[in-house]
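Below you'll find the structure, written out as structure tokens, and then a few comments.
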Amino acid sequence: MHDPDPSALDARFGVPGRVSFHDVNGIAVVEITHAAASARIAMQGAQLMTWAPTGMEPVIWLSPRARLAPGVAIRGGVPVCWPWFGPHASEPSLPSHGFARTAPWELLQVEPAPQSTELLFRLSPGDVPGAPWPQAAELQLRLAIGAGLEMELVTRNRGDRPLTIGQALHTYFGVGDVRRVRIEGLDGCPYIDKVAGGRRGIQRGAVTIDGEVDRIYLDATADCVIDDPVLARRIRIAKRGSRSTVVWNPWADKAAKMGDVGENGYLHMVCVESGNVADDVVTVAPGSVHRLWVGYSVEG
Ligand code: BG6
């Protein structure tokens, strides 16, 4: 096991005034300060918790009621869903969205580049004893944090059989009022409506939200844009190596039952998740690599 102690991490990777490590309820958290943006990342799950370009409301939303505790999924930020998405296909007792988001990742590298701060994390089978790890595989997550945000999730199949995975970067975006938002880029895409028991449909026009939404868009490879008139900004979501986009908002009743969304929290977030799920799961050949890349930027 690698050392999750914040002072040891600070001694190895800290950059004065730019990268520091802190303990929050037993979880080591990396704090990034940069002229262009600030961000926080939990070592647990290598989970980006917040990202705010300088002078802007956070683009990545963290619930004010998020629970930070070892082994507990953090509500908000960018949970890494892997190696399955949603409930496990055959074993309902296994955790929703896989085990990567609550696992102790290893920090391999911190690179304070001029335009962004880059971090590289790794998750290997030995890091999560007892997890239903799909044969010999290794996962890496690279983040580049600056005025824009890039993330790349790399799955390496080190085994001798094909490896099939469901995966998503389950990003919670902060919005002024979700009822006023339009999500562009999904027009014409087929979708699975989880709120309607898995009914299939085709998206027409932009996605708007006035109730619970939980849809898996398939064959969705174009950029999405979250148009937010209240915060007067457009968040662009570019991606590569992803055929699915999941749009989720729990709305009032479900959010109240979840207990960690915060009062009216559901009005200030929308998840637009880039991944490969349902019909779009990917198979990685032995010795090969799959790369899921996203780039987020804000247009005024
Ligand atoms: C979404 C799923 O991606 O994540 C929803 O489509 C799910 O069905 C939501 O409710 C939140 O999942 P969790 O496990 O973080 O509560």
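Among the GluC sites (Glu not before Pro) in the stretch 17-125, none is located in a DSSP loop while being surrounded by at most 13 other Cβ atoms within 10 Å of its own Cβ. Based on alpha carbons, the Rg and Dmax found for the chain are 18.3, 53 Å. Summed over the residues of the chain and divided among them, the accessible surface reaches 42 Å² per residue at a probe radius of 1.4 Å. Mean projected area of the Cα convex hull of the stretch 149-263, taken over all directions, amounts to 9.1 nm². With unit charges on the beta carbons (Lys and Arg positive, Asp and Glu negative) and the dipole taken about the Cα centre of the chain, which residue among 110, 77, 288 sits farthest to the positive side? Sorting the options by dipole projection puts first 288. Take the alpha carbon gyration tensor of the stretch 86-216, find the square roots of its eigenvalues, order them as a ≥ b ≥ c, and report rounded if a/c is under 1.5; if not, report prolate when a/b exceeds b/c, else oblate. It is oblate, given that a/c is not under 1.5 and a/b is not larger than b/c. Between the stretch 119-151 and the stretch 208-270, what is the separation of their alpha carbon centroids in Å? The two parts, judged by their Cα centres, are 24 Å apart.
Please identify, among 94, 186, 143, the residue showing maximal mean-square fluctuation in a Gaussian network model of the chain using a 10 angstrom Cα cutoff. Per the Cα network of the chain with a 10 Å cutoff, 94 tops the list.
Atom-type composition of the exposed protein surface of the stretch 18-147 places 53 percent of the accessible area on carbon and sulfur (1.4 angstrom probe). Each Lys and Arg adds +1 at its Cβ and each Asp and Glu adds -1 at its Cβ; summed about the Cα centre, the stretch 231-273 shows a dipole of about 460 debye. Can you classify the stretch 129-194 as rounded, prolate or oblate using the Cα gyration tensor, where a ≥ b ≥ c are the square roots of its eigenvalues, rounded means a/c under 1.5, and otherwise it's prolate if a/b beats b/c and oblate if not? It is prolate, given that a/c is not under 1.5 and a/b is the larger ratio. Take every Cα pair under 8 Å whose residues are at least 6 apart in sequence, average their separation, divide by the length of the stretch 180-253, and the relative contact order is 34 percent. Under a model in which nothing but the beta-carbon of Lys, Arg (+1) and Asp, Glu (-1) is charged, the chain shows a dipole of about 360 debye around its Cα centre.
Working from label points 7 Å from Cα in the Cα-to-Cβ sense, the residue 72 to residue 279 distance is 3.9 nm.
The values are calculated or read from the model by the stated rules, or taken from the named source; none is laboratory data. Quick caveat: nothing in here was measured; it's all calculated off a predicted structure. Positions of Cβ are generated from backbone atoms using ideal geometry, with glycine treated the same way; all protein chains shown enter the neighbour counts. These area figures cover heavy atoms from the full protein model, side chains too; ligands, DNA and RNA do not enter into them. Shrake-Rupley method; radii C 1.70, N 1.55, O 1.52, S 1.80 Å.
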